[in-house]
Amino acid sequence: MKTPTLLLALLSVLFLTGCAEKAAVTYVYEDVTYTFADESARAKFQTDREKSLYHRLGGKAAVEAAVDKFYVKVLADKRINHFFEDINMTTQHRKQKAFLSAAFGSPVAWKGKDMRRAHEDMTLTEVHFNAVAENLQKTLEEMKVPQPLISEVMTIAASTKDAVLNRKPAGK
């Protein structure tokens, strides 16, 4: 009975000692520390971040500023502002910031509804979708985002059209 206990104690000491000697491989991105199994995993994470549209747009600060400016336009747009009459806009801003961050390549995954489920009860039309897209593009232009990045953003926005309008995906 004592032998298994002693063996477990020795293994625990060896394991903890081995782990204590190995320095953690970490990377700080937007004030969050990420830990990796090895240097190559850290390097891949860093490279992926730097290549992401999210990072090239300016990261969290840029997405937050864009969403705030975007909703000023949306709420002034008579084609679509009625959809937001009973919406908690603080919550809406938070959700949109999280969604766009994930869509543009942030390391934080989107945990909310998919676009089809989020819009399924809204009876949206092409006019509504286009109004949102126009307001997004105008926001980015006013923020002096380079045109190639705006094109990438608008391509991502266009890729959600069938889901947002609750249509079958093209070609299916």
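The values are calculated or read from the model by the stated rules, or taken from the named source; none is laboratory data. Owing to the predicted nature of the structure, the values given are computational and were not obtained by experimental measurement. Backbone-built Cβ (ideal geometry, glycine too); neighbour counts: all protein chains shown.
When Ser106, Ser101 are checked against the criterion of being surrounded by 14 or more Cβ atoms within 10 Å (Cβ to Cβ), hydroxyl-bearing (Ser, Thr, Tyr) and in a loop (DSSP other than H, G, I, E, B), Ser106 stands alone in meeting it.
Return yes or no: is Thr26 polar (S, T, N, Q), surrounded by 10 or more Cβ atoms within 10 Å (Cβ to Cβ) and assigned to a strand (DSSP E or B)? So Thr26 fits the description; yes. Here Ala62 meets the list (1) of a type outside the set (Phe, Trp, Tyr); (2) surrounded by fewer than 16 Cβ atoms within 10 Å (Cβ to Cβ); (3) part of a helix (DSSP H, G or I) almost entirely, failing just condition (2). The requirement of being in a loop (DSSP other than H, G, I, E, B) and farther than 18 Å from Ile150 by Cα is satisfied by Lys78. For region 143-172, name all the residues that are at negative phi and outside any helix (DSSP H, G or I). Listed by number, the residues that qualify are Met143, Val145, Pro146, Ser159, Thr160, Leu165, Arg167, Lys168, Pro169, Ala170, Lys172.
Screening Leu53 on (1) assigned by TED's automatic domain parsing to the domain that holds Thr155; (2) surrounded by fewer than 17 Cβ atoms within 10 Å (Cβ to Cβ); (3) under 14 Å from the mean Cα position of the chain (by Cα) shows it passes everything except condition (1).
For region 88-97, state whether one or more residues are on the phi < 0 side of the Ramachandran plot, touching a Gly at 6+ places or on another chain (Cβ under 7 Å) and assigned to a helix (DSSP H, G or I). The answer is yes, given that some residue of region 88-97 is on the phi < 0 side of the Ramachandran plot, touching a Gly at 6+ places or on another chain (Cβ under 7 Å) and assigned to a helix (DSSP H, G or I). None of Ala76, Ala170, Ala131, Ala109 is of a type in the set (A, V, I, L, M, F, W, C), over 15 Å from the mean Cα position of the chain (by Cα) and modelled with pLDDT under 95 except Ala170.
Scan region 109-142 for residues that are within 30 Å of Tyr34 (Cα to Cα), touching a residue at least 12 places away in the same chain (Cβ under 8 Å), assigned to a loop (DSSP other than H, G, I, E, B) and not charged (D, E, K, R) and the total you get is 2.
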